[in-house]
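A short reminder: the numbers here are calculations on the coordinates, not readings from a lab. Keep in mind that this is a model prediction, so the values were computed, not measured. Note: ideal-geometry Cβ built from the backbone for every residue, glycine included; neighbour counts use all protein chains shown.
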Amino acid sequence: MRLQALNKEELAAYTYAVRLLAGREFNTREMSERLAGREYGDETIAVVLKQLKRDNYLSEQRYAEAFLRSRMKRGEAPWLAAQKAKQKGADYTVLQAAVDEVSEDYDDEQVCRELLNQRDPGGLRFEEERVWQRQARFLRNKGHNSATILRVLNQGRPEQVFDD
């Protein structure tokens, strides 16, 4: 780490960036936007980003892994989490490698079951079609496929049809 090569403004920007990185991982685009929001010049931002990468404080790979882990912990499917990370500026190749690694141990049906048990522990989805549909939409918005959703929602369902 050779911080003495940085001028006063670059050092201030670098310090600000390190404080941000202490809270969570950032990708290059997000960090650039944060620094620009503090009205640092483009040249200063470029120098700081280069120094952060050189010091291994700013890592696209760590960002991708942390973002996917965070989103999947909330019940999102890996492909949807990756799509959201890409929208935030994550590097596609790094993101794809992280998704491939995570997908090996991922069980879509188990995740759906756990989400349903958290949201509907009493099984209200079996009593009202409106509740069943709401749970299906919730799982679909988390990126799970329709076949898995139907299979999980209908597990343990009584043979009766919903009453209107």
### Task
Return the FRET efficiency for the residue pair GLU33, ARG113: r is the Cβ-Cβ distance, R0 is 41 Å, and the value is rounded to the nearest 0.05.
0.60
### Message
On a straight-distance basis, which lysines could pair with LYS53 in a cross-link, Cα separation under 27 angstrom, same-chain partners fewer than 8 positions away excluded?
### Response
LYS8, LYS84, LYS86, LYS88
### Message
Sort 105-114, 42-51 by the packing proxy (mean of other Cβ within 10 Å over each peptide's residues), most packed first.
### Response
42-51, 105-114
### Message
Run the reach check for LYS73 against aspartates and glutamates, Cα to Cα strictly under 17 Å, same-chain hits fewer than 8 apart removed. What comes back?
### Response
GLU25, GLU65, ASP100, GLU101, GLU104, ASP105, ASP107, ASP108, GLU109, GLU114
## Note on the structure
Rg/Rh of the chain (Cα atoms, Kirkwood Rh), to two decimals, equals 1.19
### Message
Apply the Karplus curve 6.51 cos²θ - 1.76 cosθ + 1.60, θ = phi - 60°, to the phi angles in segment 69-80 and return the couplings in whole Hz, x for Gly and Pro.
### Response
4, 5, 5, 5, 5, 7, x, 7, 5, x, 5, 6
### Residue of ARG134, ARG71, ARG62 that the Gaussian network model of the chain assigns the largest fluctuation, springs spanning Cα pairs under 10 Å
ARG134
